[in-house]
Structure formats: C-alpha cells, structure tokens
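Participant: Dropping the structure in here first, questions after.
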Amino acid sequence: MRGDFAPRRAGGKLGNTDLASELAAIEEEVVQHLFTLAPGSAVSLGLHEYDGKLPDLSRDATDRWGAGADALLLRLRQLSADGLSTARQYDRTLLELSLESPLFDLRDSRDYDQNPMIYVGGLSLTAYTVRAYAPLPVRVDAIRRQLAAVPAFLQSGLRRLDPAVPAPFLRLAIAMASGMRANYGAVDPIIRAAGDGWAERIQEVREPADTALQAFGDRLHKEWIPRATDGFALGVERYQKLLWVREGIRAPYTDLLAAGRADLERNQARLQAVARAAQPPTDGPGLLARASQTHPTAGELIGRARDFVEETKFFVREKELVTIPEPAICRVDETPGHQRALSTASMNPPGPFDTAGEEGIYFVTPVDPAWSPTTQEEWLRSFNDAVLRNVTVHEVYPGHYLQFLHFRRSAGSLARKTYMSTGFTEGWAHYAEQLAVEQGLGAGAPEAEAAQLYDALLRDCRLIASVGLHAQGWSVAQATALFEREGYCEPIVAQREAGRGTYDPVYFGYTVGKLAILDVRRKHLASRFGGSLRAFHDRLLGFGAPPVGFLDELLRDS
C-alpha cells in the first residue's frame, strides 16, 4: 500500500526561502478554496468562521471551483522540490490529494449530478447545539443563517440532478430528508435558552426549510424513483483512481482484495478456534449468540457505556498502550433523534482548531419505546456487554476520541491539520479493537474476542463488497449474500451493509487502514521504537490523519 511523495523536479528557480514562502501561500489558498466547496467540513474542524454557510453547488459554481482547483494543482506541481524539506514535500502531496479528491467527486463519480444525498447530508444543525464553542446568540445566529439558505440550496440540487440516478442513493436521500426535519425540531431547547426573541426569528426561517425538505423528498419519490437505475458502480479505472485520491494507494485494487480475503479467512478461523475452546464448546455463530444473552436493560444502556469509557481509559493507561493527553473528558449521550436510523454509536470529537476544550461526545442509540418488545430485545442483544465494550474501544479509548486528542496536539502544518483520511481514522479505531483484545481487555473471555472478531469480519466483508460492487459487476444481492454467509450478519444488517457499499465505496477504509497499521507495526516497532507500543502509537498519531498509503514513508523519514 505504498504511496509516493518522492521529490520531483520541475521548472522554476526560486531560492529556498522564496520556495518555502510560495508553498505556504499556496497552502493557505488551497485550504480556503476547499472550504468554499465544503464549509461543513471546516466547521467540524473547529473553523467557525464558516458557521451557517452552505456551498453553491450549481453547475456554474462547481465548474468555476474545478477550474480554480486545476490552477492550484498546476502551481503546486510547478514548484521545484529542490530546497523543500521531506516534510514539506509530503505536505505538497497532501495538498494535491486534497484537491484531487473533490475533483474526483465532481468529474469522475459525478456525485453532484448523481447523488441526492449530497444535498441533504450537510444540512444538520448538530454542530451548533452539542458543543458550547461560542455564546448562545452566536451559535443560534449560525442556525438562523443556515436555515435561511436551505430552500435555495435544495432547489439548486433538484435542478442539477440527472433525470435518472441510482435507486439506493434515492432511497437514503429521502430518508435523510425526513430525518433532517427531526433534527431541526431538536434545536428548540437551545433556541428557548437563547431568549431575546430568537424563537420568532428562527421560526421565520425554519418553516420554509421544513417545507423545502418535505418538497425535496416528495419530488425525489414522485419524479426520480420511477426513473431510478442500478448504475452505481464506478468501474475498474475509476475505482483504482479512488484509491489514490482518497488514500494515496498505488497498489492494484486486486492486491487490496486479496489482503481482505486473507484477513477474512484468518478472522473466521480464529473465531472458530475461540468458540471451540469456550466452555461449553460451540461454533462461531453459537458463541456470538451466547454473548448476546448478557446485555443491559433499556434503562441501563447509557450507564453501561459510561462504565466502559472509564474501564477502557484505565486499561490504556495500565497497559501503557498510548499516551492519553490531558484533559481527556468524554461524555456519553443518547444519539440525536435524526441520526438514529443510520447510527448505532458514534463519536463527536473536538476538532483540531476548536477552542472550546477537549470534550468528546460518545453517542449511543437507545431503545425506541415505540418498538415492539421483540425488536427492543433484539436491539439490546445487539448491544450486549461484549459488543458495547468493543464499540467503546472503537469510539473512545484508544479509538477515535483518543486519536483526536492527539490530532489537536500534533505540530503539523496547515495541510496536515485539515487533511482527514477515512482509512486512517477508521483504520486506527478498528486496529484499536484488535489491540485491546491482544493486550487482554475483557480478561480473556471468549465472548470479548468473539465481539471483536465479529466486527472484524463485518469490516472484511465491506472491503470485499466494495471491490465486488464497483469493480467486479456485483449486484446488491450478491453483496448481501456475502455479509450473511461470510460475516454471519442477520439479513437486515446484511442488506443495510450491502446498500451502503453502493454509495460509500470508501468503507473499505476500516480494513485497509487496520492492515496498513499492522504492516508498519511489524516493520518498525522493534527496530525504530524498541518494542514500545506507546512510543510507536504516539508517533503514528502525531502524523494527524494521513493517507494510509504513506504510513511506511512517514515512519521511515520521521
């Protein structure tokens, strides 16, 4: 999974100081250009000057954006590498990828023309409600400005969409539009707390936004659903390009597929071995079913998650796995209502530029009282103690929350502070699950390892399904069968996972990232870090969230 940020010679005779200054100037321009297209990403990083803004995604605007990105890429590539440090050569490559990735979405996958989720996915107001990064009136005004922009933004999306788009994209976009209206209702408490006439001002813009969301979903259902296609696949050429622009990977996609299949076989064999050694012996699915019997009640779920946060934090310190920067404060809350259909658990971390403190928010989706008793029990079994502990490892310690504490403290350049690799962020959290079990979390109970292996099998199937769906002509039914047969998933889970692969091929990142981290650990742990896991992990997290194709070079050159 090697990347390539080797020195390149190009035209130009700037001196070293001038060259460094020119790169710094372009770096600022690239970041500003990126966030005109994705202001929501800037807000998530803690750059609150972008609060309340929605991008102009009309065809004319994105054509102008693409031309600007092309011009910035040309300037980057014309810079001579002579005189640039290895670190700044890497930063230049990061800046190139930062531009190439949205250009891929614009021109290669044509997301703005083919994927209506683009137009509803960034409309959430949660960033302004869950973290007190500014006084209430400042945050409420950002809510007002964003709501006011929603109707025109959605109308622009409807004008731009192709007449026929893939059915899986449409179904989820319609569900997301409905859920977003619930998100808008969830801001009421913060609006009331702001006082000073804010409720009336918000209502003036909220009603048109609600109406626009309803109309967006209705029109998709009535006009686009009858013309829906199954043409979601990227194809081999675009899939291979996706690996580069997202993760700096030059290796053939078939190499990643082979690695994923090998990991699947290892994890299946290990699950069977653990099950046979359990008392009484059983098989893999049997051990998973046994683990599901020990779970919290509906009223205990959030409290149990809090207990696991403290347990895993203590475990990381006791085992000296990785430094926990202080202060480290993570609260556990119920998942906001509008996100519950799409999320079982998630982390809302502080961004690298946030000034409001270090607090992370670990969201866990509770039982819905409207569900039948049978469905409620199924949900709680899926959140059995072994699974909930493993999820907490992934989301909090030593997973996402700890990772973002390091990200905030990394001494990286602007390019590194704003670049976010899915493969590294999700790969690290998935690697953390295996690391915790290797180091004895769960006291060696077979159920603890079974939960970790079950999630590993799911992520292996994501990689295989991503390749199958986008490069090998698979149908959604074939991908569904893979998750059921090889990942031991229930049918409803298998269907959701296969559907996700149609619009999120980068969900290969969990396994690809984990395998990349395991690979560099094998190569460098003893020789560079004297066998110290903490030193190795601290160095790795100090890079920020780099493309996983560059991990080996970064460790060699640091």
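Participant: Measure off 7 Å from each Cα along the Cα-to-Cβ vector at Glu223 and Ala38, then give the distance between these two points in nanometres to one decimal.
Facilitator: Placing both labels 7 Å beyond Cα along the Cβ direction yields 2.8 nm.
Participant: Compute the normalised compactness of the chain: alpha-carbon radius of gyration over 2.2 N^0.38 Å, N being the residue count.
Facilitator: 0.97
Participant: Run the simple label-point estimate for Val130 and Ala186 please: 7 Å along Cα→C-beta, distance reported in nm.
Facilitator: Roughly 0.7 nm, to one decimal.
Participant: Towards the positive end of the charge dipole of segment 16-108, with charges on Cβ (+1 Lys, Arg; -1 Asp, Glu), say which of Ser101, Leu73, Gly46 has the farthest Cα.
Facilitator: Ser101
Participant: Under a crude label model (7 Å from the Cα following the beta-carbon direction), how far is Ile492 from Lys241 in nanometres?
Facilitator: 4.0
Participant: Moving on. Ranking Leu402, Leu441, Leu34 by Cβ neighbours within 10 Å, fewest first, what do you get?
Facilitator: In increasing order of surrounding Cβ atoms, one gets Leu34, Leu441, Leu402.
Participant: Would you mind telling me the antiparallel percentage of the DSSP bridges in the chain, rounded to 5?
Facilitator: So the antiparallel bridges in the chain amount to around 40 percent.
Participant: Kindly rank 214-221, 412-419 from highest to lowest mean number of other beta carbons found within 10 Å of each residue.
Facilitator: Output ranking for 214-221, 412-419: 412-419, 214-221.
Participant: Using 0.36 nm per residue, how much length does the chain from Glu300 to Glu265 gain when fully extended, once their Cα-Cα distance is taken away?
Facilitator: Length gained, Glu300 through Glu265: 9.0 nm.
Participant: Before anything else, pin down the relative contact order of segment 144-227: Cα pairs under 8 Å, at least 6 apart, normalised by residue count, whole percent.
Facilitator: 57
Participant: Order the peptides 479-487, 101-109 from the highest to the lowest mean number of other Cβ atoms within 10 Å of their residues.
Facilitator: 479-487, 101-109
Participant: How large is log10 of I(q)/I(0) for segment 240-365 at q = 0.09 Å⁻¹ when the intensity is taken from the Debye formula with one equal scatterer per alpha-carbon?
Facilitator: Rounded to two decimals, the profile gives -0.48.
Participant: Search the structure for amide H atoms under 5 Å from the amide H of Val332, placed 1.01 Å from N in the peptide plane, and list their residues when 5 or more places away or on another chain.
Facilitator: The answer is Tyr362.
Participant: Okay, which of segment 89-131 sit inside 20 Å, backbone N to the point 7 Å along the Cα-Cβ direction of Arg250?
Facilitator: Of the residues in segment 89-131, 89-101 have backbone N under 20 Å from the label point off Arg250.
Participant: At 0.36 nm per residue, minus the direct Cα-Cα distance, what do Glu49 and Ala175 gain on full extension? Give it in nm, one decimal, please.
Facilitator: 42.3 nm
Participant: Let me ask something else about it. Pairs on different chains or at least eight residues apart, Cα atoms closer than 23 Å: how many lysine pairs in the chain fit?
Facilitator: Within the chain, the lysine pair count is 7.
Participant: Quick one: compute the contact order of the chain, relative version, from alpha carbon pairs under 8 angstrom and 6+ residues apart, as a percent.
Facilitator: 17
Participant: If R₀ is 45 angstrom, what is the calculated FRET efficiency for the pair Asp82 and Thr344, using the beta carbon separation as r and rounding to 0.05?
Facilitator: 0.30
Participant: How much length would be gained if the chain were fully extended between Ile329 and Asp56, taking 0.36 nm per residue of separation minus their Cα-Cα distance, in nm to one decimal?
Facilitator: 94.6 nm
Values in this text are rule-based calculations from the coordinates and carry no lab data. Just so you know, these numbers come straight off a predicted model, no measurement behind them. Backbone-built Cβ (ideal geometry, glycine too); neighbour counts: all protein chains shown.
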